[in-house]
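Heads up: the structure comes next, in structure tokens.
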Amino acid sequence: MNELSLFVLELAENSAEAGALLVKAEVRLTPESVEITVTDDGKGMTAEQSRDAVNTDYTTKLGRRGRGLPLIKAAAEKTGGGLSLSSRAKKGTRVSVRFIKNEYCPPMGDINSVIRILAICHSDMDFRFEIEQSGKIMTFDTRVIKERIAPAKISCGGVSAWIREYLNEQTEFIFGGAANEITC
Amino acid sequence: MKSLAELQAIREKTRLQLNLRHESPDNVSIKVGLATCGIEAGAREVICAFVDELEKRGIENVTVTAMGCIDKCDKEPVAVVEVPGEEKVTYVNMTPEKAVRVIEEHIVNKKVVAEYTDGATV
Ligand SMILES: Nc1ncnc2c1ncn2[C@@H]1O[C@H](COP(=O)(O)OP(=O)(O)O)[C@@H](O)[C@H]1O
Ligand code: FES
Ligand SMILES: [Mg+2]
């Protein structure tokens, strides 16, 4: 799982599995670093759970689980960055991950697909994405879309096509010529 | 530039279709495992292939959703297809190409792709 966009997907799925209704994800790129912050209003964790969650194979789920956060933390630390988590039971969780740009920093990968499938596969949740690179910002907010298309669903064909094209345009604007790296 | 006004146009179009079709009750569900194992094995690409193929064919009665772990780590990506009134089918070791074929055969032609199912000997 060595792509920043897949880390965003893993964090957002943690939020979904915690019963979040709104997930906000921010990706900020500077010449020196990439910072990813995912904030949710899910069921949160106690102080003890928060400590365990990042450090061990701690999991509250079935199966061979508990690898997500440790994996992301290790990837961030390998670049000289790190992961911090703050959470309050019944309130929500915020995970911030900082990568230093160097040979160890994973590529962004296909962030557009991550945003699109989250919006479509969790149509009962809302997502707000903000990506910033050197002063250029793109936003994507499912609440804005749903307001415009009701009673049609966000998963319907026309909307899903619109989302794909919108995201392609926006990330091309943000990343310029390097858009190939991050689009479908 | 994509505009929000276009979304309103899509809504008008969809509203007409909804009126023609009534509520479509026989919703087919496709669930793809999006736990860590699934993500590592390529679930993102598989979901994209499902969504793109449905969009391309104009199929509107199929919902693609994410599911957690069903304890089949070494068989991820996993996709569970449920057609109302039929037994659910678990497809394993999915790829984007297989996803396209599942839409073609299982969803459109109503024939399970046996060779992609769990337990099939290939
Ligand atoms: N956003 C979140 N909200 C609430 N609990 C969380 C969140 N993210 C992680 N956790 C808790 O931390 C545990 C470990 O997460 P993770 O390392 O991603 O492994 P997994 O998701 O496979 O359990 C989860 O099982 C869950 O109990
Ligand atoms: S832990 Fe591997 S598929 Fe669930
Ligand atoms: Mg996880």
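Here, each number is a calculation from the coordinates, and none is a lab measurement. This is a predicted model, so every value here is computed, not measured. As a convention, Cβ positions derive from the backbone with ideal geometry for all residues, glycine included, and neighbour counts pool all protein chains shown.
Side notes on the structure shown:
- Of B:Glu76, B:Glu40, B:Glu104, the one that fluctuates the most in a GNM where chain B has Cα springs shorter than 10 Å: B:Glu40
- Per residue of peptide A:109-118, the mean number of Cβ atoms on other chains within 10 Å of the residue Cβ is 4.
- Close Lys pairs in chain A (alpha-carbon distance under 20 Å; sequence gap of 8 or more, or different chains): 15.
- A simple spin-label model places the labels of B:Val100 and A:Thr60 4.1 nm from each other, with each point 7 Å out along Cα-to-Cβ.
- Computed from phi, the 3J(HN,Hα) profile of region A:20-25 under the Karplus parametrisation 6.51, -1.76, 1.60 (θ = phi - 60°) reads 5, 9, 9, 10, 10, 10 Hz, with x in place of Gly and Pro.
- Among the residues of B:58-71, the average count of other protein chain beta-carbon atoms within 10 Å of the residue beta-carbon is 4.
- Residue order, fewest to most beta carbons within 10 Å, for B:Lys13, B:Lys110: B:Lys110, B:Lys13
- Couplings for region A:132-149, taken from phi via the Karplus curve 6.51 cos²θ - 1.76 cosθ + 1.60 with θ = phi - 60°, read 10, 9, 6, x, 8, 10, 10, 10, 9, 9, 5, 5, 5, 5, 4, 4, 6, 9 Hz in order; Gly and Pro are left as x.
- Distance histogram for chain A (every C-alpha pair counted, 10 angstrom bins, percent rounded to whole numbers): 9, 37, 36, 16, 2
- As a proxy for reagent exposure, B:Asp74, A:Asp126 were ordered by neighbouring Cβ count within 10 angstrom, fewest first; the result is B:Asp74, A:Asp126.
- Environment charge at A:Glu10 (Cβ cut-off 12 Å; Lys +1, Arg +1, Asp -1, Glu -1): 0
- Whether region A:1-42 is rounded, prolate or oblate, judged on the alpha carbon gyration tensor where a/c under 1.5 counts as rounded: oblate
- 15 Å Cα cut-off, lysine pairs counted over chain B (separation 8 or more, or different chains): 8
- Taking every alpha-carbon pair under 8 Å whose residues sit at least 6 apart, chain A reaches a relative contact order of 24 percent.
- Among A:Ala75, A:Ala119, A:Ala161, the largest mean-square fluctuation in a Gaussian network model of chain A, built with springs joining Cα atoms closer than 10 Å, belongs to A:Ala161.
- Amide N proximity, region A:74-118 versus A:Gln49 label position 7 Å along Cα-to-Cβ, cut-off under 12 Å: A:87-93
- Treating r as the C-beta distance of A:Lys101 and B:Ser29 and R0 as 35 Å, the FRET efficiency rounds to 0.25.
- When the Gaussian network model of chain A links Cα atoms closer than 10 Å, the mean-square fluctuations of A:Lys43, A:Lys146, A:Lys61 top out at A:Lys61.
- Charge-dipole axis of chain A as Lys and Arg at +1 and Asp and Glu at -1 on Cβ define it, positive-most pick from A:Gly19, A:Ser33, A:Val144: A:Gly19
- Chain B: angle of helix B:4-21 to the longest principal axis, Cα-based, in degrees nearest 10: 80
- Peptide B:40-46 has a mean of 4 when you count, residue by residue, the C-beta atoms of other protein chains within 10 Å of its C-beta.
- Region B:25-116 - percent relative contact order, Cα under 8 Å, separation 6 or more: 34
- With each label modelled as a point 7 angstrom along the Cα→C-beta vector, the B:Asn109-A:Lys91 pair spans 5.7 nm.
- Gyration tensor verdict on chain B (Cα atoms; rounded if a/c is under 1.5, prolate if a/b is larger than b/c, oblate otherwise): prolate
- Hydrodynamic radius by Kirkwood, which averages 1/r over all alpha carbon pairs of region A:50-94, in angstrom: 11.4
- Gyration tensor (alpha-carbon) shape descriptor, region A:52-142, a/c threshold 1.5: oblate
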